[in-house]
Amino acid sequence: MKNTSKWITGAAISAGSFALVIGSVGVAQAHNAQGGSGPDGGKRGGPQSSLIADGTITQAQADSIRTALKDAHDSTEAGVLAQLVQNGTLTQTQADSIAAAESPRGKGELLKDSIVSQAQLQALRTAMQEAMEAGKGRVLQDLVADGTITQSQADAIAEAKAQVGKGKGAKGMKGQGRQA
């Protein structure tokens, strides 16, 4: 059980920069949809909620960013799983099971059910971290290239993500775990 908890924690961390943006946009959307105030109002909000509130980006741009990041994460995971099958770390059946598990908890269940080993999940986690680090910033640059956002908006988003990574995020976020 302790190893499962470590893997789940590691899997959550491996989502890294993608999860920060996706989660903060989701919080901003839910928050804005409910008519709440931004992070300066004392309620929960991610770094992008303040970028929306101050007019740096629009809600439509935040939606586009979230979609692009989710697509990039899904594509990265598919590529990593294919590579792990190709190099013999996973069988195709195991890779399919991992792909079908939509959350770290679901992946933990695969370990519990002996479908995959701890070493295999660690290999997946490591490969995902490496792939996401290599692609860091590519999604924002693609959005700049296609005219969805400007370079200055991409820079503001990257800075907001960096501040959250340093524990200097929006009020209500510092020290918080995964937020629904």
Report summary line: Of D54, D40, the only residue that is over 18 Å from the mean Cα position of the chain (by Cα), modelled with pLDDT under 50 and within 27 Å of Q153 (Cβ to Cβ) is D40
Query raised in the report: What pairs come up if the first residue lies in the stretch 68-91 and is at pLDDT 95 or above, the second is outside any helix (DSSP H, G or I) and surrounded by fewer than 16 Cβ atoms within 10 Å (Cβ to Cβ), and their beta carbons are under 8 Å apart, counting only those six or more places apart or on different chains?
Result: V85/T91
Query raised in the report: Does A170 satisfy the condition of being surrounded by 19 or more Cβ atoms within 10 Å (Cβ to Cβ) and modelled with pLDDT under 90?
Result: yes
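The values are calculated or read from the model by the stated rules, or taken from the named source; none is laboratory data. Owing to the predicted nature of the structure, the values given are computational and were not obtained by experimental measurement. No Cβ is skipped: glycine too gets one built from the backbone with ideal geometry, and neighbour counts run over all protein chains shown.
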